[in-house]
1. Can you give me the Rg/Rh ratio for the protein assembly as shown, using Cα atoms for both radii and the Kirkwood formula for Rh?
2. At 7 Å along the Cα-to-beta-carbon direction for both A:Thr109 and A:Val51, put a label point, then send me their distance in nm to one decimal.
3. Could you compute the FRET efficiency for A:Ile25 and B:Asn179, with r as their C-beta to C-beta distance and R0 at 41 Å, rounded to 0.05?
4. How far, in nm, would the chain grow between B:Tyr114 and B:Ile261 when pulled straight, counting 0.36 nm per residue and subtracting the alpha carbon separation?
5. Could you size up the charge dipole of the protein assembly as shown around its Cα centre, putting +1 on the beta carbon of Lys and Arg and -1 on that of Asp and Glu, and report it in debye to the nearest 20?
6. Would you tell me the mean number of C-beta atoms belonging to other protein chains that fall within 10 Å of each C-beta in B:154-162, as a whole number?
7. Starting from the Cα coordinates of region B:152-264, work out the convex hull volume and express it per residue in Å³.
8. What ratio of Cα Rg to 2.2 N^0.38 Å holds for chain A?
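Every read-out reported here was derived from the displayed coordinates using simple, explicitly stated rules and does not represent laboratory data. Model, not experiment: these values are computed from the prediction. Virtual Cβ from ideal backbone geometry, glycine too; neighbours counted across all protein chains shown.
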Amino acid sequence: MALTVRRLARVVAVPAFAAMLGGLILMLVTDLALDEAARMNALPGPAAVSVVHLTHPAAIASGQSAVSLGLLALAALPAMTVLFILVRHLISGRWVDAGVTAALLAVLTLSVLIG
Amino acid sequence: MLWTLMALAAVGFGAGVLGALLGLGGGVLLVPALTLIFKLPIRVAVGVSLIGVIATSAGVSSVSRPGRGADFGLALRLEIASTIGAILGSLLAGYLSGQALAILFAGIVLATAYYTYQKTRRKPGPASDAAVEALFRTDYQPVHWPTGLGMMSVAGALSGLTGTGGGFIKVPVMYSIMNVPLGVATASSNFMVGITAAASAFVYYGRGDVYPLVAVPTAIGVFLGAITGARLASHVRADRLRIALIGVLILVAVQMLWKGITGT
């Protein structure tokens, strides 16, 4: 199990960081091109795009969608790990452990819905 | 702006290295750095720190054998309480003032300094197979479940409020109260903190308290720092680092307390 969890971390984290970095570069370039440097000059800058606006053309073009998707993917990695453990428990027939893991996954899902 | 982003990445890298070396989690270092050096609102810093804790967990997991010695059954059960606490803490953070959060954070930093001091006092045992085996023995039965679950929910709430991982509560509770061997408690806590932070991170994200311009360079720095720290762990005398860190933590606690009291 340990080896596969490590692989899961790499599989999810690397694209997530690539999306974040690529999106950030696009944000900087786009703002320079549109002469909106004032928006990006002061920290903390614009907030991450909400889930419902991820597909907005302006958000995609400015790189904010890519950055926000990368952040969401990274934040979802622990939940994916829990899901992976749940599947392993189900395959192994460890029903009590599977029930506990499912309960944890339900709470994590609740945090996503609240957010 | 480019220099600022590089500075954020450098701060994240340092927090990641120290977090991986000392088993602290970078949040206790990251939040003060972001508020005191970059003058960011503490709620923004907490949101960034939660992403950083997840990045630390991902970084360490990607290079080492994750969960070595961890009791997954115990961790998952305790993590239910911790995650519920994290959600509640994150929601509460939206109603507290920046000053209140700063004062609370100062208390967390002092508690972390005390926990780190306790670790330095523990005499390193002989590096024999028997000693290691004792740290990770499996013939134990966790006790005091109600207390353990209660304390885990407190750790989760504090994580949601301050952007820390909560390990400085989880490890002592598992070890001192629930009869879990120290090595198992530490490994289980390392597994748990990322999940706790993730629960809080989504609440902060939904509230609009995650800012990519700050979070991305910091998270990248933390991720690379955690990988570096994990690789350095076997070559560095962590006990000497801990002594230096205690002084830094006390200084940080004083500054955060001052910030909370004066509102500057």
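1. Expressed as Rg/Rh, it is 0.96.
2. For A:Thr109 paired with A:Val51, the spin-label model returns 1.2 nm.
3. About 0.20, to the nearest 0.05.
4. In short, 50.7 nm is gained.
5. Taking the Cα centre of the protein assembly as shown as origin, the dipole is about 760 debye.
6. The shielding value for this peptide is 0.
7. Per-residue hull volume (Cα only) is 148 Å³.
8. Compared with the compact-globule rule of thumb, chain A sits at 1.36.
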